[in-house]
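Take a look at the structure set out below.
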Amino acid sequence: MSFLSDIRFALRSLARARGLVITVVLTLALGIGANAAIFTVVQGVLLKPLANRDEDRLVYIRQSAPGAHVENAAFSIPELRDLQASVKSLTAFGDFSTIEFTMVGLGDPRVVRAGVVGGSYFEVMGLRPVIGRLIDATDDGPQAAGVVVLTHRFWSTSLASDPTLIGKTVRLGDRAATIIGVLQPSVPYPSDTEIIANVVTSPHHLDATMVDGRVHRMTELFGRLAPGADVETARAELRAVHAAMKTAHPEAYLASDQYAIDAVRLRDQITSSARTVLLVLLAAAGLVFVIACANVANLILARSVRREGELAVRAALGASAAALRRTLLAESLVLCGAGALLGVLIAGPMVSVLARYASRFSVRALDLSVDSSLLYVGAGLALIAAVLLAFVPRLPSSDAANGLGVAGSSVRITTGTNRRLRLFAVTQIAACFVLLAGAAMLTTTLLKLQATNTGFNMRQVLAMHVPTSFERPRREVADFYREIIRRVEALPGVERVVIGTVVPWRDAGTFGPGFQFTAEGYAKANGEEDPRARFRTVSPGFFAALGVPIIAGRDFNDDDREGSEPVVIISQSVAQRMFSGRDALNRNLMWTDPVTKFVGINTAGRRIIGIAADVDDENVVPGPAMTVYHPLGQEFVFGRLFVHTKAEADPYALVAPVTKLIRDLAPDQPVERAATLEDVRAEVLAPDRLNALVFGGFAGVALMIAVVGVAGVLAFSVSARTREFGVRLAIGSEPRQLLQGVLGEGTVIAGAGIIAGALGGLLLAWVAGGYFASVKLPEALPLGLAAVVLVGAAIMASLVPAARAARIDVMQALRDE
């Protein structure tokens, strides 16, 4: 009952300090709300159990080739057979290949991202259907009927959760397949697919080049641990079998590529891409909480000085130290409880914003919703803050408790409190500096990326996906694209139309690290492997349309087609690497990579007819680009249409007429993802932009709270030193000297906070670097910007208290005690 009395007393006491209550509650709400929201996202993405049965027994198996800069090299079918035959610590393997199908039969023709799996995949993964059935062993083999399972997201968002689709036949490329089921909601790993089909739907998977090609790697593997086995056992066995495979087939594992195999729990693999950014975001939210608590501590300390007389009288009347501390705790609980309640309310919308941000790094964030964990986190943080704040004020001294020196001790109390206020203000500045430096680093990085010269015509080139089936004859495909070019070029506002293999940046990684090649007259050093180059197929006029200069030789023309002399255009980097200043024109270039024969690339010599300037269509930070271009018709092309519009034309106004022209030519032809190269690059840079915005938002909130904290410290200092300032003015000091002194005090607080923040940030980065390889220290520019912003903010926060000090009335100050 006594604590309830303390609560009632706290409510009455706080009712007389409404300004303080509002400030404290809003400050705590920001700190608690931000932490509750980000913790909800962290829990949903990193901690929430998977839908898979016995998820702890699921492992993801990865083959890498760090020497070729390939983080995930996937597996070939012969490699899968070897592992299945020799690895005993895994009871079964599930295989998954990601491809694209042109799907006809469910509304407009569309390109769908699909997984092609064997009959063991769903059993290994421990997944079940919502309706219908999943692919199983009866769907294996070249004579099986084509079947399709819809992913739950595709079924619910694009197909309106229509249960009547089960049993419907669709066309995937040139093959028919029956929809047999809908997969339960689950993490779409290894890629976010719309459908999952059996092997027979993909002619490429049935071709001997894939079935027997050890270097034709496009399958990702999953395994289920055998009873009694753990990940370490499976990893050791996989590495032993993999070493034997490399010894038996040295031609498939180049020594320079450094092939390796690893196994990790599926959960760890799924969360790996989001773990670092979410934990850094959680740390940022933690700093905001520290800043909020420090600011509130300042306010509580300032109030405790004004209440020193009240507390001393209560002590003199017999109140024990425990009773006084309980009173302070009751007030803290009321304030922190109100702050937590408001924080939980604002955390709901924040979860939605942060979930959209986190979905850039993990598909698990797409289905996040607010649950009871938000309340638990809010209550926990409120309790921590309440306990901390209850022990911030000092209790009356023993002299005060005996009724002595209540007034005489005020100077000593004020001096000690002022020191503690400065300490809390420095803490706020230090934490704010870390956040500002991080946000400045992300912002400057983003600005550098946006200002980078890509080498492409960005604004007037519209890119569209117009893919065709790989089963169609190459001549037929080339004629189809030439007819599209002819028709679209006749549209008003069109300058030029061309075909290419990839849309810059959007299709990065389509061909992995590129293919090995050699050239006439090139001599390798002893032990050197053939270099790699990117493989591209383009139509005549491609370089002019995208603004890429040809610096020697000529462009392709309509005579460069199937049946004519094989020719290529090389990038400047290829010419410099292979010919070292010698004339590259009219020399022959040959593809030597073992993969080329499995994907139908001719390995005969091709005459070099031109050299184009380097343009990096893979990386947002451009670098030297080893690229070999082939003419349309002589090699396969993925069907990317580029429409170069006239300067006065709006590229997006051409999307509808271009789509109509293509559909008139081929009614079942998908035409998708229209965007200018400028917008494609903006789309690719979206995660960097979101990083800057989210961390900038945290830094902005922290800065606002820190400014209030510095202003409060200086206001208290001016109030406590009123008599001193009056004496100084009376003996001849100028008001501007007092003004400068208070401004200097604010600058010193900011400087001390910046130094503490820099040292703490370095220590934090050093510790984090031991766990996360991607952690980097900011450069001098972001650190300098953060310091300038904080010093400027401290000066602005000091202006009002400084002006008040300069306007002190001398006579009134001398009468004050």
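The values are calculated or read from the model by the stated rules, or taken from the named source; none is laboratory data. None of these values were measured; they are calculated from a predicted model. In this analysis, Cβ positions are derived from the backbone assuming ideal geometry, glycine residues included, and neighbour counts consider all displayed protein chains. What goes into the accessible areas is simple: the full protein's heavy atoms, side chains included, and nothing from ligands, DNA or RNA. Shrake-Rupley method; radii C 1.70, N 1.55, O 1.52, S 1.80 Å.
The translational diffusion coefficient of region 166-231, from Stokes-Einstein at 4 °C and 1.567 mPa s with a Kirkwood hydrodynamic radius over alpha carbon pairs, comes to 86 µm²/s. Shape class for region 37-170: oblate, because the ratio a/c of the largest to smallest gyration tensor axis (alpha-carbon atoms, square roots of eigenvalues) is 1.5 or more and b/c is at least a/b.
Toward the positive end of the charge dipole of the chain, with +1 on the Cβ of Lys and Arg and -1 on the Cβ of Asp and Glu, the farthest Cα among 324, 19, 161 is that of 324.
The calculated Kirkwood hydrodynamic radius for region 440-530 is 17.9 Å, given to one decimal from all distinct C-alpha pairs. Taking the longest Cα principal axis of the chain as reference, the axis of helix 373-390 is set at about 30 degrees. Could you state the number of Å between the C-alpha centres of region 47-126 and region 560-581? When both Cα centres are located, 37 Å separates them. Let me make sure I get this right: for the chain, a, b and c are the square roots of the gyration tensor eigenvalues over alpha carbons, sorted descending. Under 1.5 in a/c it's rounded, otherwise prolate if a/b > b/c, else oblate. Which is it? Verdict is prolate for the chain. Rounded to the nearest whole Hz, the Karplus-based 3J(HN,Hα) values (6.51 cos²θ - 1.76 cosθ + 1.60, θ = phi - 60°) of region 455-460 follow the sequence x, 9, 6, 8, 8, 9, with x at glycine and proline.
Put simply, when 679-685, 274-280 are sorted by average Cβ atoms within 10 angstrom per residue, most first, you get 274-280, 679-685. Think of it as helices only: each DSSP H run of n ≥ 4 in the chain is worth -39500 (n - 2.57), and spread over all residues that comes to -16500 deg cm²/dmol at 222 nm.
The residue 665 and residue 206 beta-carbon pair, evaluated with R₀ = 30 Å, returns a calculated FRET efficiency of approximately 0.50. Each Lys and Arg contributes +1 and each Asp and Glu -1, all at the Cβ; summed about the Cα centre of the chain, the dipole is approximately 3340 debye. May I ask for the angle, rounded to the nearest 10°, between helix 686-720 and the longest principal axis of the chain, with both axes built from Cα atoms and the value confined to 0 to 90°? Tilt of helix 686-720: around 10 degrees. When both bridge partners sit in the chain, DSSP labels roughly 75% of those beta bridges antiparallel. Heavy atoms of the protein chains alone define the surface here; on that basis the chain has 43 Å² accessible area per residue at 1.4 Å probe size. Figure legend: label point modelled 7 angstrom from the Cα of residue 251 along Cα→Cβ; residues of region 573-606 with amide N under 15 Å from it are 592-598. Protection proxy ranking of 260-268, 521-529, 574-582, by the mean of other Cβ atoms within 10 Å over each peptide's residues and highest first, is 260-268, 574-582, 521-529. A crude spin-label estimate for the pair residue 356 and residue 162, with each label 7 Å from Cα along the Cβ direction, gives 2.9 nm.
Highest mean packing first, where packing is the average number of other Cβ atoms within 10 Å per residue, the peptides 336-349, 166-179 line up as 336-349, 166-179.
Placing a pseudo-label 7 Å from each Cα along the Cα-to-Cβ vector at residue 233 and residue 174 gives an inter-label distance of 4.9 nm.
With a Förster radius of 56 Å applied to the beta-carbon distance between residue 113 and residue 731, the computed FRET efficiency rounds to 0.10. Which of rounded, prolate or oblate describes region 485-529 when judged by the alpha-carbon gyration tensor and an a/c cut-off of 1.5? The shape class here is prolate. Taking 28 Å as the straight-line reach from the Cα of residue 168, the lysines in range (excluding those fewer than 8 positions away in the same chain) are 660. Our estimate of slack between residue 620 and residue 586, defined as 0.36 nm per intervening residue step minus the Cα-Cα distance, is 9.0 nm. To the nearest ten degrees, helix 474-489 and the longest principal axis of the Cα atoms of the chain are 60 degrees apart.
Summing Lys, Arg as +1 and Asp, Glu as -1, what charge do residues with Cβ under 14 Å from the Cβ of residue 249 carry, residue 249 excluded? Overall, the nearby charge balance is -1.
Computed on region 117-273, the Cα convex hull volume stands at 152 Å³ per residue. Subtracting the Cα-Cα distance of residue 88 and residue 558 from 0.36 nm times their residue separation leaves 163.5 nm of extension gain.
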